[in-house]
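Values quoted throughout were computed directly from the atomic coordinates according to the rules given, and no laboratory measurement underlies them. Here the structure is a predicted model, which means the values were calculated and not measured. Here Cβ is always computed from backbone atoms with ideal geometry, including for glycine, and neighbour counts include all displayed protein chains.
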Amino acid sequence: MYETDEYDYEQERYVPMPEVTRKPYLTYALLAINVVMFGLAHLAGGTEDPDVLLDFGAMFGPLISQGEYWRLLTAMFLHSGFMHLGFNVFALFIFGQSVERSYGHAPFFLIYFLAGLAGSVTSYLFNSIAIAAGASGAIFGVVGALGAFLLLQRRAFGKHAQNSLIGLAIIIGINIFIGLATPGIDNWAHGGGLVAGFILGLALSPQYRRAGTMFGYRVFVNTSGSLILKWWIVPVTLLILALGVIIADRRLPENAFTHYFRAERYYSQGDYGRALDSLDLAIESGPIGAAQSHLLRGKIYIEAGNYQLARQELGIALRLGSRSIQVEALEALRTIPNR
């Protein structure tokens, strides 16, 4: 057997990828987790209810900026509606198996979670005032890693890699077009995940070589390199993501929710005057989150003994609020003495 770096496109026939026998257990586990989380959220009130999604850990910039950084991770396991779940589960089933078999379990794990976090951080940077959920960033990262793998192994696998790479590029292009043409899709998360997955894939990809034998060309894995030496990409990625979060925290624009959270802090400190001032700013910022602000104003007026204004504020919260806010407003109304 002899090794060769020469590549003769004229004599190329078809060089199959070597059979990979490892089972994609992590892909199956991730599929199961996503489905289970969807079912739990559905039972809790519906996967398209923003309050339910937030309760289960969806991304929301104002909450993340208050220290709830875990949302950058938990949002990867939530989906809004059956169609959202269906598309992502199908994509993960198709591409996840291929990447896990090609890279191995540990590299696949790193690619999935780091690319998913990259998608979340990118969304936090550029789409901070939106409730975001979904595994799309991580799945785009898996697709990016597959593209990196095919690009690196294009000499080893010949036309097989070339054709697969072209097909993958078409799929990515179609998804980008759909994302740009459809409102409500978090394209920032998709792009951040895709880029991170591609870079991680370049760093963590196994190396294959074509070798000529008496039976023709075959492809073999080059196992001489240590995987640990490739994992420098992990701390570097985590450092970049941490810097991204710090920047996102500082550039979060003033909005209804930042005023509301400030009011909550004043309320907990017993500073009702400053809390009401912040709530005025929150309501003036727009209708988003107005029900919460009116609810808190009602509670403040109850504690101040101004029951007439409290009833007015809680009535507005009942009219504008979601189910959970309505329940809380009704409970607050029951505490008002009958006079």
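Overall, region 256-334 carries a charge dipole of about 180 debye about its Cα centre when +1 sits on the Cβ of Lys and Arg and -1 on the Cβ of Asp and Glu, all other atoms neutral.
Neighbour counting of Cβ atoms within 10 Å sorts the residues Arg155, Arg297, fewest neighbours leading, into Arg155, Arg297.
For a footprinting-style exposure proxy, rank Met83, Met37 by other Cβ within 10 Å, fewest first.
Details: Met83 9, Met37 21.
By the 10 Å Cβ count, ascending: Met83, Met37.
The angle between the Cα long axis of helix 105-126 and the longest principal axis of the Cα atoms of the chain comes to about 40 degrees, rounded to the nearest 10.
Residues whose amide H falls under 5 Å from that of Gln207, counting only those 5 or more places apart or on a different chain, are Asn222, with hydrogens built in the peptide plane. The sum of -39500 (n - 2.57) across all DSSP H runs of n ≥ 4, divided by the residue count of the chain, sets its helix-only mean residue ellipticity at 222 nm to -21000 deg cm²/dmol.
Annotation: the residues Val234, Val99, sorted from fewest to most other C-beta atoms within 10 Å of their own C-beta, follow the order Val234, Val99. Which entry in (1) 32, 28, 17; (2) 52, 18, 15; (3) 27, 23, 22 matches semi-axes √(5λ) of the Cα gyration tensor in Å derived from the coordinates of this structure? Correct label, based on the coordinates given: (2). Once you mark the GluC sites (Glu not before Pro) that are in a DSSP loop and have at most 14 other Cβ atoms within 10 Å, what is the longest gap between them in the chain? After excluding every exposed loop site, the longest remaining stretch is 49-253. Are there chymotrypsin sites (Phe, Trp or Tyr not before Pro) in region 53-83 that DSSP puts in a loop and that have at most 12 other Cβ atoms within 10 Å, and which ones? Loop-located and lightly packed - Trp70. Check Ala44: other-chain or 5+ apart residues with amide H under 5 Å from its amide H, H built from backbone geometry? For Ala44, whose amide H was placed from the backbone, there are no distant partners under 5 Å. Distance between Cα centroids, region 73-94 to region 274-307: provide it in whole Å. About 36 Å separates the Cα centre of region 73-94 from the one of region 274-307.
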